[in-house]
Amino acid sequence: MLKARESVRTLKEYHPPLGNREGLRLDFNENTAGCSPRVLERLRQIDGEDLARYPVRDKGEQVAAKHFGVSPEELLLTNGTDEAIHLVCETYLDAGDEALIVVPTFAMFEIYAAATGAKVISIPAGENFEFPTDAVIAAITPRTRFIAVANPNNPTGTFVPVKDLVRIAEAAPDAAVLIDEAYFHFCGETAATKWRDVPNLFVSRTFSKVYGMAALRIGVLMGNIEQMKVLRRASSPYNLNSVALACLPEALAEEEYVSNYVLQALEGRTELEAELAAWNVRYWPSRANFVLLYLGENCKPFISQMRERGILVRDRSADYGCKDCVRITVGIREHNQRMLGALREIFSELG
Ligand SMILES: Cc1ncc(COP(=O)(O)O)c(C=O)c1O
């Protein structure tokens, strides 16, 4: 029988709960209101001829580079962050190399690293999910070729100072150090352009979260020009579809849509954290558009009662150190108020 490579056959299966997501979706950290009106308008203009042509990425890269304040050679548009992670793993990891991740974190780091045949070394975060910078540095060996950090982190919402990330990258000059800034807008701090001094550091961003374009699959990978030249070779020239490319300049042109959304999400996050504190519920202060909370035996009843009220939240129990924890996304004011109202009702019922 045809056999897949050992490293793929033994991969952990990752099945995000995508079935029946009708309702208020506070389970995937998406934009709860959807993409901007300008993006929608551009989508409506797509015609048959647009779809018949192969996508051209260069112009989109120029627009994106201008927005990010980098040169087009420092940037590659990707099919979401997932492809950025995949490309970095494929470019730098050989079977038997070592990949370092701090857990709990975004599942795709481990999956793409392990698929190459590399050994994934998981370093546990601190008691309050603090990022263990010194432990990461201590774990670096001559075989370490990939280190990935989501900053802010998912599912914990914790943040690592950029100077610590730079220390890690400097301590591992033979490793590609990928800083996944999917939730950048909610925290405002970036490692972008540090690759000019520390050439093994990369930064990725996505249009799946604050821009409300998860279905279009657009992300950006940025790094040192010499490294980006190599990564470009590993990427398909048609990795990004034309519909996504057409919408990209519109998304970037509407800064106010993004800042207004961020404002409401941050307001909601503050309110949610205050509510949890008032109920004496353990939670981890977040720098992203979601909050992780510990509900113990009330975890599953809470999730199902939220669902009964048409609100989806995410059980993170399967993540390292997150047993009986729930992650709740915040969004626009109206959605936050609905979620808070339901949460108060359920908390008073559960006691
Ligand atoms: C840290 C992190 N990175 C990346 C992603 C996915 O991004 P994309 O949709 O661009 O692949 C997520 C989504 O949950 C995430 O939490």
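What's the local net charge at Val136, with K and R +1, D and E -1, over the other residues with C-beta under 13 Å away? Mind showing how you got there, number by number?
On the way: positive: Arg167; negative: Glu98, Glu130, Asp134, Asp164, Glu170.
Local net charge: -4.
Using the Karplus equation 6.51 cos²θ - 1.76 cosθ + 1.60 (θ = phi - 60°), what ³J(HN,Hα) coupling, rounded to whole Hz, does each residue of the range 201-212 give in order, writing x for Gly and Pro?
Running phi through 6.51 cos²θ - 1.76 cosθ + 1.60 with θ = phi - 60° gives 9, 10, 10, 10, 9, 9, 9, 7, 9, 4, 7, x Hz.
Counting pairs of alpha carbon atoms under 8 Å apart in space and at least six apart in sequence, what relative contact order in percent does the range 37-253 give? Could the numbers behind the result be given before it?
Details: 400 pairs, mean separation 60.8, N = 217.
Over the range 37-253, the number comes to 28 percent.
Given an 8 Å cut-off on Cα distances and at least 6 residues of separation, report the relative contact order of the range 236-351 as a percent.
Rounded, it is 25 percent for the range 236-351.
Using a 10 Å cut-off around each Cβ, can you sort Asp180, Asp315, Asp324 from fewest to most neighbouring Cβ atoms? List each step's numbers first, then the result.
Working: Asp180 28, Asp315 19, Asp324 16.
Ordered by Cβ neighbours within 10 Å, fewest first: Asp324, Asp315, Asp180.
Two decimals is fine: what is log10 I(q)/I(0) at q = 0.14, 0.19, 0.22 Å⁻¹ for the range 210-351, from a Debye sum with one equal scatterer on every Cα and no solvent?
-0.80, -1.09, -1.29
Among the lysines, select those whose C-alpha is under 24 Å from the C-alpha of Lys163, and discard any that sit fewer than 8 residues away in the same chain.
Lys194
Note down the magnitude of the dipole of the chain about its Cα centre, charges +1 on Lys and Arg C-beta and -1 on Asp and Glu C-beta and zero elsewhere, to the nearest 20 debye.
480 debye
If the only charges are +1 at each Lys and Arg Cβ and -1 at each Asp and Glu Cβ, what is the size of the charge dipole of the range 241-351 around the Cα centre, to the nearest 20 debye?
420 debye
Can you pull out the trypsin sites (Lys or Arg not before Pro) in the range 1-55 that DSSP calls coil and that have at most 15 other Cβ atoms within 10 Å?
Working: sites: Lys3, Arg5, Arg9, Lys12, Arg21, Arg25, Arg38, Arg42, Arg44, Arg53; in loops: Lys3, Arg5, Lys12, Arg21, Arg53.
Qualifying residues, ordered by number: Lys3, Arg5, Lys12, Arg21, Arg53.
Beyond a 26 Å Cα-Cα separation, which of these cross-linked pairs lie in this structure: Lys59/Lys229; Lys3/Lys209; Lys59/Lys119; Lys12/Lys323; Lys66/Lys209?
Where the Cα-Cα span goes over 26 Å, the pairs concerned are Lys3/Lys209; Lys59/Lys119.
Which of the listed residues, Val281, Val258, Ala246, is farthest toward the dipole's positive end in the range 236-293, when Lys, Arg count +1 and Asp, Glu count -1 at the beta-carbon?
Farthest towards the positive pole: Val281.
In Å, the Kirkwood hydrodynamic radius of the range 84-174 over pairs of distinct alpha carbons?
Numbers: mean 1/r = 0.0765 Å⁻¹.
Final number for the Kirkwood radius of the range 84-174 is 13.1 Å.
Any chance you could check the Cα centroid distance between the range 303-329 and the range 119-177 for me, in angstrom?
Here the answer is 26 Å between Cα centres.
Give me the three principal axis extents of the range 37-253 from the C-alpha atoms, as integers in angstrom, largest value leading.
Taking max minus min along each principal axis of the Cα atoms, the range 37-253 gives 54, 33, 29 Å.
When all C-alpha to C-alpha distances in the range 130-287 are sorted into bins of 5 Å, what percent of pairs does each bin hold, rounded to whole numbers?
2, 8, 15, 17, 17, 16, 12, 8, 4, 1, 0
Read-outs throughout are calculated quantities, based only on the coordinates presented, and are distinct from any laboratory measurement. Quick caveat: nothing in here was measured; it's all calculated off a predicted structure. When we count neighbours, we look across all protein chains shown, and the Cβ atoms used for this are built from the backbone with ideal geometry, even at glycine.
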